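Since the structure comes first, as C-alpha cells, the remarks are kept for the end.
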Amino acid sequence: MIKRVRKWFWAWNDDKEEKFLEDMAADGYKLKNVSIGMYEFISSEPEKVRYQLDFKGINRMSEEEYLQIFEDAGWECADRLGSWYYFRKTYDEEMPDLSIFSDNRSRLEKYRRIILVLFLTGFPLYYQLLILFPNIDGEEFHYPNFYFFFRIFVAMLAVVHAAVLIRIIAKIVKENKSIKE
C-alpha cells in the first residue's frame, strides 16, 4: 500500500524533516519517493530507522562516487530531490548516534553548500531588481502592464530568497556556536 503525505519543509528545517521520516518508519511507512511538498511511502514493518539529509550542491565528485561513500558507511540512498539526498540506516544499538556527518564542521559544510547555491541563483534575481529594473523605462514596452506585474513578481521572489538566505545564515551561526562550546 502506498501512502502519500503532503508536507513542506524548508532547508533550515532538515532536522524536523528527518524526524518526520523516522516517525513514519516507526509507524510502518518506508520512504519511497520525494517530490516538492509530497512524500510517498510504502507499507512495511515498523522499524527504527535513522534518516539523514545531505545537500550535494555544486560538487565535482560524480554522483556514483558520492553515493559510494555513503554506501561504504552503510547508508542507503532512499531518494533524492534536486541536490538533496535522503539517506537511511537501521539503528544500531551499539551506535545510537548515527550520523552521515563525522563532526559538526562537516554538518556546517552542508549549509555552506546551500549558501553557495543560493548566492549563485540569487545573483540574477538581485541584478534584475537592483540594476536592470531602475534603468529601464516601462513605456518602451508593448505590454507595460505585464512588465509591471513581472517587477512585482521578481520583488516577491527576491524577498522569499532573502528570507531563506537569512535563515540559512542563522543556522550556520547557531551551528558555529555549538562547535565553539
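The values are calculated or read from the model by the stated rules, or taken from the named source; none is laboratory data. All of these numbers come straight from a predicted model, not from anything done at the bench. Cβ sites come from the backbone with ideal geometry, for glycine too, and all protein chains shown count toward neighbours.
Please work out if residue 85 is under 18 Å from residue 9 (Cα atoms), modelled with pLDDT of 95 or more, within 15 Å of the chain's Cα centre (by Cα) and buried (at least 18 other Cβ atoms within 10 Å of the Cβ).
For residue 85, the condition - under 18 Å from residue 9 (Cα atoms), modelled with pLDDT of 95 or more, within 15 Å of the chain's Cα centre (by Cα) and buried (at least 18 other Cβ atoms within 10 Å of the Cβ) - is met.
Run residue 107 past the list (1) among the basic types (Lys, Arg); (2) within 19 Å of residue 167 (Cβ to Cβ); (3) surrounded by fewer than 13 Cβ atoms within 10 Å (Cβ to Cβ) and report the number of the one that doesn't hold.
For residue 107, the exception is condition (3).
Based on this model, can you work out whether residue 15 counts as in contact with a Pro (Cβ under 7 Å, 6 or more places away or on another chain) and surrounded by fewer than 18 Cβ atoms within 10 Å (Cβ to Cβ)?
Answer is no for this residue.
Suppose we filter segment 25-40 for residues that are of a type outside the set (Lys, Arg), surrounded by 15 or more Cβ atoms within 10 Å (Cβ to Cβ) and within 19 Å of the chain's Cα centre (by Cα); how many remain?
Total satisfying the criteria: 5.
Here is a list: 95, 38. Which entry is modelled with pLDDT under 90 and either over 24 Å from residue 168 (Cβ atoms) or assigned by TED's automatic domain parsing to the domain that holds residue 17 (or both)?
Testing whether each residue is modelled with pLDDT under 90 and either over 24 Å from residue 168 (Cβ atoms) or assigned by TED's automatic domain parsing to the domain that holds residue 17 (or both) leaves just 95.
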